Amino acid sequence: MQASRNPESKKICVIGLGYIGLPTAAMFASNGHMVVGYDVNERVVNALNEGKVTIEEPYLEDLVKQVVANGRLKASTKMEACDVYIIAVPTPILKDKGADMTYVVSATEAILPVLKEGDMVILESTSPPRSTLDIVVPILERSGLAIGTDVLVAHSPERVIPGKILFELVENNRIVGGINQASSEAGKKLYRSFVKGEIYLTDSTTAEMCKLMENTFRDVNIALANELAKLCTVMGINAWEVIELSNKHPRVNIHQPGPGVGGHCLAVDPWFIVEKQPELARIIKLARETNDSMPHHVFDLLEKATQLIEKPAACILGLTYKPNIDDMRESPIMELVELIHHSNRYQLVLNDPYVFDNDEVISDIYEAVKGADVLVLGVHHDRYENIDFDRIKGLMRGNTIIDTRNFLNRSLLTEKGFNIVLLGSGR
Ligand code: SAJ
């Protein structure tokens, strides 16, 4: 790998080539830097070196192909000396709802043998408050270098939404929280190479808390919508209408109810705050529990709709954690699938245009619905917009559709003879 002649150009190592690390690596590589993507997974490394990506994200493969072909990005399972190390490894949630920081620890330890004076280390992984100070810095100190002067350290949380990652990496505002002013300034200069949004400077612990609170804000608001949905169901009101009309108020923005909250962010990050202050983080915990209850709520709707059928045949449309992506992480629909299996009552078929590696999935929707007593619309993929319901009607054994997203045209389908059960509606 050739060093660039541009004096601002750095040799950057991005550790962890997942949903965030890979697009970030490609972005730095296409903006004047030489990038080494480090990952312990050989499959990911080999694929990248062939210009292929292992995740589905619009425009990513084209960008990766380009920067691999022009030699600005390569991947390796071996750590090599660079100027900047960006840690973008997963921080999964443990059974007790605490953050599993093992990957952050091993990523930081992997840097140690090659760390030298003048380097910078940035933690991008979503982490509980004080992780940069209490986990990353003490490991780096084992190098004998003066952390904060010889080596600068910052936390700069990723804030991009799957499906729009490349756009949001550039356009979103960014926070850089250094362990001191020099670290913050250096981080800002680095991200400026591709970020067009504002870059705000703060300390590392504040940056960690900002990231967690952004996702918590969304999770709590979705919980409020889900609570409203349950209330409306028993009170004979339509929650979707309540939300639409309430949101006409200039200072109200009620979120959308649904079958639950998935993904590796909203369903996880609030727990990292609860972990630190369980006595104080009461609304945050209750919101998590409310959203986690939604697959059970949908299961109850299903049970009610099929109570007179001995061995009901159910078909679920949409399995991913949100529409138009292939990401199954923490998908509430998979939790629903578990509940259905556990009940031992149903014949179950799954359908999702983005999911292939599941034996229960029948890709052709018209095959999948054959003989079904009830359909559950779990995720509103755009590709479901053109479903031929006249054809579906002829293929199903029953006529009930549970719509968990207010996606279907209820009056039209009722006219066609379907029984539409809408989550959040007591009407
Ligand atoms: N959902 C609802 N109702 C809503 C909005 C979302 O039920 O009104 C559900 C979705 O169906 C999905 C889940 O919430 O299951 C999460 O989806 P999302 O689109 O809200 O967010 P993520 O998890 O894909 O990405 C979030 C984003 N955070 C915020 O918008 C504050 C993104 O900017 C973060 O970078 C990302 O988390 C992350 O990596 O932390």
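What follows is calculated from the coordinates using simple rules that are stated; it is not laboratory data. Everything numeric here is computed off the predicted structure, so don't read it as measured data. Neighbour counts are summed over all protein chains in view; Cβ atoms, including those assigned to glycine, are modelled from backbone coordinates with ideal geometry.
Just a few scattered comments:
- Where no second cysteine Cβ lies under 4.7 Å, the cysteines concerned in the chain: C210, C232, C265, C315
- Restricting the stretch 104-186 to GluC sites (Glu not before Pro) that sit in a DSSP loop and have at most 16 other Cβ atoms within 10 Å of their own Cβ leaves E117.
- Choice from S193, S331, S411 with maximal GNM fluctuation in the chain (Cα, 10 Å cutoff): S411
- Under 12 Å, Cβ to Cβ, from D373 - net charge with Lys/Arg +1 and Asp/Glu -1: +3
- The stretch 238-302 and the stretch 328-374 have their alpha-carbon centroids 24 Å apart.
- Neighbourhood net charge (13 Å Cβ-Cβ; Lys/Arg +1, Asp/Glu -1) for E241: +2
- Qualifying trypsin sites (Lys or Arg not before Pro) in the stretch 1-75, DSSP loop, other Cβ atoms within 10 Å at most 12: R5
- Maximal additional length on extending the E80-R43 stretch stands at 11.4 nm, based on 0.36 nm per residue less the C-alpha distance.
- Here the contact order of the stretch 89-147, divided by its residue count and restricted to Cα pairs under 8 Å and six or more residues apart, works out to 37 percent.
- For the stretch 163-248, trypsin sites (Lys or Arg not before Pro) are listed when DSSP marks them as loop and at most 12 other Cβ atoms sit within 10 Å of their Cβ; the list is K196, K248.
- Spin-label zone in the stretch 76-120 - amide nitrogen under 17 Å from a point set 7 Å from the Cα of E289 along the C-beta vector: 96-98
- Across the options S425, A313, V355, the greatest Cα extent toward the positive end of the charge dipole of the stretch 239-427 (unit charges at beta carbon of Lys, Arg, Asp, Glu) belongs to S425.
- Order of S184, S204, S30 under a 10 Å beta carbon neighbour criterion, fewest first: S30, S184, S204
- Partners for K211 among lysines (Cα-Cα distance below 16 Å; same-chain residues under 8 apart left out): K276
- Ratio of Rg to Rh for the chain: 1.02 [Cα atoms; Kirkwood radius as inverse mean 1/r over pairs].
- Cα centroid separation, the stretch 82-149 to the stretch 29-72 (Å): 23 Å
- If you model the stretch 21-74 as an ellipsoid using its alpha carbon gyration tensor, with each semi-axis the square root of five times an eigenvalue, the axes come out at 15, 12, 10 Å, biggest first.
- Kirkwood hydrodynamic radius of the stretch 239-427, from the reciprocal of the average inverse Cα-Cα distance over all distinct pairs: 17.5 Å.
- Normalised Debye scattering of the stretch 46-98 at q = 0.13, 0.19, 0.22 Å⁻¹ gives log10 I(q)/I(0) of -0.48, -0.82, -0.96, counting only Cα atoms as equal scatterers and leaving out solvent.
- Percent RCO, i.e. relative contact order, over the chain, from Cα pairs under 8 Å lying at least 6 residues apart: 11 percent
- Here the relative contact order of the stretch 11-204, from alpha carbon pairs under 8 Å that lie six or more residues apart, stands at 18 percent.
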